[in-house]
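Only the coordinates and a few stated rules stand behind these numbers; no lab work does. Fair warning: this is a prediction, and the values are worked out from it, not measured in the lab. A quick note on method: Cβ atoms are made from the backbone with ideal geometry, for glycine too, and the neighbour counts reach across all protein chains shown.
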Amino acid sequence: MKLSLLKSKIHRARVTDASLDYEGSLTIAADLAQRVGLLPYEKILVSNMANGERFETYVIYGKTGLGSIELNGATALLGKVGDLLTIMSFAWVEDEPDLSNYQPSIILLGEGNVILKEQY
């Protein structure tokens, strides 16, 4: 049996831009995405702490070092600049007798989408 477990999480990512006139997806600064192991085009679940919206989309890498978190296409209607998001991805993991050592990669962001805390 396989279990779906949290693989990657970016917590308290502040939206820096929103563009309705785009094909879709969520742009994440490449350095932040890579820090938690998110790949380009990887499916993600996003929750907006400002309005309770939850949506699925995929990752597009933005420029490194800018802290970019951009709502694109239809997702631009589900939040606005300044909203705080939780960005999550999941992986199928083989059920083993002891999964107590399993740890997702998690970062907590602060002002300017700077990493405050990491967990691996």
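Here is how the numbers come out for the structure above:
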read-out: Residue under evaluation residue 92, criteria (1) surrounded by 13 or more Cβ atoms within 10 Å (Cβ to Cβ); (2) not in a loop (DSSP other than H, G, I, E, B), criterion not met; value: (1)
read-out: Sole residue being within 20 Å of residue 111 (Cβ to Cβ) and part of a helix (DSSP H, G or I), chosen from 13, 33, 50, 18; value: 33
read-out: Check on residue 71, assigned to a loop (DSSP other than H, G, I, E, B), touching a residue at least 24 places away in the same chain (Cβ under 8 Å) and crowded, with 18+ Cβ neighbours inside 10 Å; value: no
read-out: Those residues of region 95-120 which are crowded, with 19+ Cβ neighbours inside 10 Å and assigned to a helix (DSSP H, G or I), in sequence order; value: 113
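Per-residue answers, yes or no, for (1) at negative phi; (2) touching a strand residue (DSSP E or B) at 6+ places or on another chain (Cβ under 9 Å); (3) not β-branched (Val, Ile, Thr):
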position: 23; (1), (2), (3): yes, yes, yes
position: 57; (1), (2), (3): yes, yes, no
position: 82; (1), (2), (3): no, yes, yes
position: 93; (1), (2), (3): yes, yes, no
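Residue-wise test of (1) in contact with a helix residue (DSSP H, G or I) (Cβ under 8 Å, 6 or more places away or on another chain); (2) touching a residue at least 24 places away in the same chain (Cβ under 8 Å); (3) over 30 Å from residue 96 (Cα atoms); (4) of a type in the set (Phe, Trp, Tyr).
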residue	(1), (2), (3), (4)
5	no, yes, no, no
22	yes, yes, yes, yes
28	no, yes, yes, no
43	no, yes, no, no
